[in-house]
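Novice: My structure is below; once you've seen it, I'll send some questions.
The values are calculated or read from the model by the stated rules, or taken from the named source; none is laboratory data. None of the values given here were measured: they were computed from a predicted structure. Neighbour counts are summed over all protein chains in view; Cβ atoms, including those assigned to glycine, are modelled from backbone coordinates with ideal geometry. Ligands, DNA and RNA are stripped out before the accessible areas are found, and what is left, the full protein with its side chains, is counted by its heavy atoms. Shrake-Rupley method; radii C 1.70, N 1.55, O 1.52, S 1.80 Å.
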Amino acid sequence: MLKRLILFFFLLAAVAAGATFWLHQQLQRTLAAPLPVSEEREMVVDQGTWFRKFAMQLESEGLVDSHLWLRFAAQLDPAVTAIKAGDYRLEPGMTLQQLLDKVVAGETIDYTFTLIEGMTVKQLRQSLQANERLTHETGELTDDELLRALGSDAASLEGLFLAETYHFKKGMSDLELLKRAHEDLNRVLDNAWAERAKGLPYASPYEVLIMASIIEKETGVASERSRIAGVFVRRLERGMRLQTDPTVIYGMGERYQGKITRADLRRPTPWNTYVIEGLPPTPIALVGREAIKAALTPDDGKALYFVAKGDGSHQFSNSLEAHNRAVRQYQLRRRADYRSSPEN
């Protein structure tokens with residue numbers, strides 16, 4: 001009788017070992033098999049998702065035949081249960097093991113947000129609020145409150161963020177992104193200021209930023225930045241007014257409806273460089289690295305004037321007489337497809 005019991009338990013143990021071995025082999029095949037993903041897609045793991053719910057999510061989304069395989073995997077390796085919430089990218093050929101590794105490591109999707117050269121801070125704030133992947137902390141803040149949150153003593157929020165493409169994870173706050181863009185601007189501006197040439201008509205890095213913003217708004221062809229900077233620098237050096245339309249438009253605010261009249265050019269605002277001497281009190285837009293570089297490395301030509309030719313480029317002139325001829329040619333007889341900047 002005892003021998004039969006021993007034999008029975010031996011056979012039972014053998015069957016159990018065989019079943020465990022078979023399950024283990026099946027699990028390894030399941031983990032190594034490509035997921036049924038024919039094209040790149042995203043998978044969202046919500047905050048508070050525990051492993052069993054995650055396993056059932058994979059089954060409900062058709063990524064595994066049965067969530068029980070993942071529960072078996074968790075028994076063999078409890079470390080796989082340490083999943084992290086976020087958005088994950090699934091690609092053709094990805095295996096279940098690779099997906100598990102990615103979710104445990106928290107390798108969530110990097111999203112991008114681009115601050116565009118020439119964008120105003122009002123446009124930037126609207127763009128931030130429209131981004132559904134960012135957590136919004138700045139929506140109720142005034143510009144002055146946001147200035148304090150940035151730790152800035154600037155006169156205006158305008159222009160205080162470097163125009164660049166920023167990577168972020170879903171859920172990052174818009175305030176954190178703005179702080180990063182502000183720090184990047186300060187670093188780029190300070191480095192450029194430290195290496196500036198002598199004799200430039202700027203009293204501070206902030207004045208360079210103001211000039212860079214004007215250059216940014218006037219530039220339709222990137223290669224002209226330094227030539228435009230040269231014109232403005234020479235005008236400052238000669239005590240001439242800058243007389244640049246983008247500053248008039250900025251000062252008009254909501255009154256600007258696509259056209260500038262002679263009355264607008266004469267109407268005083270703090271930014272109207274047809275009326276004021278020197279630079280306006282604040283930047284008028286966001287700037288990129290190249291505009292800052294142009295402001296500090298202006299072209300050393302002789303041009304004091306330029307006018308838009310209608311294809312995004314400009315005609316530069318050394319004298320008022322030549323400039324007036326260019327105005328008659330390109331502005332008073334505008335071509336039908338005239339535009340002040342290139343087509344996108």
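Novice: Can you work out which of the residues in the range 64-103 that are of a type in the set (A, V, I, L, M, F, W, C) and open to solvent by 40 Å² or more (accessible area, probe 1.4 Å) is modelled with the highest pLDDT?
Specialist: 82
Novice: I'm told residue 214 meets every condition in (1) over 19 Å from residue 243 (Cβ atoms); (2) assigned to a helix (DSSP H, G or I); (3) touching a Leu at 6+ places or on another chain (Cβ under 9 Å) except one. Can you identify the failing condition by its number?
Specialist: All conditions pass for residue 214, except number (1).
Novice: (1) outside any strand (DSSP E or B); (2) surrounded by fewer than 19 Cβ atoms within 10 Å (Cβ to Cβ); (3) outside the structural domain of residue 282 (by the TED database): which one isn't true of residue 139, the others all being true?
Specialist: Single failed check for residue 139: (3).
Novice: If you don't mind, another one. Within the range 27-48, how many residues turn out to be crowded, with 16+ Cβ neighbours inside 10 Å and either in a loop (DSSP other than H, G, I, E, B) or without any contact (Cβ under 8 Å) to a residue 60 or more places away in the chain (or both)?
Specialist: 5
Novice: Do you know which of the residues in the range 105-136 that are part of a helix (DSSP H, G or I), of a type in the set (A, V, I, L, M) and open to solvent by less than 70 Å² (accessible area, probe 1.4 Å) is modelled with the lowest pLDDT?
Specialist: 105
Novice: Filter the range 162-214 down to residues that are in contact with a helix residue (DSSP H, G or I) (Cβ under 7 Å, 6 or more places away or on another chain) and among the hydroxyl-bearing types (Ser, Thr, Tyr) and give me whichever is farthest from residue 118 (Cα to Cα).
Specialist: Looking at the filtered set, the residue picked out is 202.
Novice: Let me ask something additional. Identify, from the list 141, 124, the residue that is closer than 11 Å to residue 177 by Cβ and not β-branched (Val, Ile, Thr).
Specialist: Exactly one residue qualifies, and that residue is 124.
Novice: Residue 282 passes all but one of (1) under 28 Å from residue 191 (Cβ atoms); (2) among the polar types (S, T, N, Q); (3) not in a loop (DSSP other than H, G, I, E, B); which number fails?
Specialist: (3)
Novice: Kindly establish whether residue 251 is free of Cβ contacts under 8 Å to residues at least 40 places away in the same chain and assigned to a helix (DSSP H, G or I).
Specialist: Yes.
Novice: State which residue is farthest from residue 186 (Cα to Cα) when the search covers only the range 125-156 and only residues that are of a type in the set (Lys, Arg) and without any contact (Cβ under 8 Å) to a residue 24 or more places away in the chain.
Specialist: 125
Here is a yes/no grid of residues against (1) crowded, with 22+ Cβ neighbours inside 10 Å; (2) of a type in the set (Asp, Glu); (3) under 31 Å from the mean Cα position of the chain (by Cα):
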{"position": "256", "(1), (2), (3)": "no, no, yes"}
{"position": "259", "(1), (2), (3)": "no, no, yes"}
{"position": "268", "(1), (2), (3)": "no, no, no"}
{"position": "274", "(1), (2), (3)": "no, no, no"}
{"position": "277", "(1), (2), (3)": "no, yes, no"}
{"position": "281", "(1), (2), (3)": "no, no, yes"}
{"position": "286", "(1), (2), (3)": "yes, no, yes"}
{"position": "290", "(1), (2), (3)": "no, yes, yes"}
{"position": "293", "(1), (2), (3)": "no, no, yes"}
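Novice: For the range 172-208, which positions are under 26 Å from residue 139 (Cα atoms), acidic (Asp, Glu) and open to solvent by less than 80 Å² (accessible area, probe 1.4 Å)?
Specialist: 174, 184
Novice: If you go through the range 222-240, how many residues are open to solvent by 50 Å² or more (accessible area, probe 1.4 Å), of a type in the set (D, E, K, R) and assigned to a helix (DSSP H, G or I)?
Specialist: 2
Novice: Filter the range 295-309 for residues that are buried (at least 21 other Cβ atoms within 10 Å of the Cβ) and part of a loop (DSSP other than H, G, I, E, B) and give the result.
Specialist: Within the range 295-309, just 298 meets the criteria.
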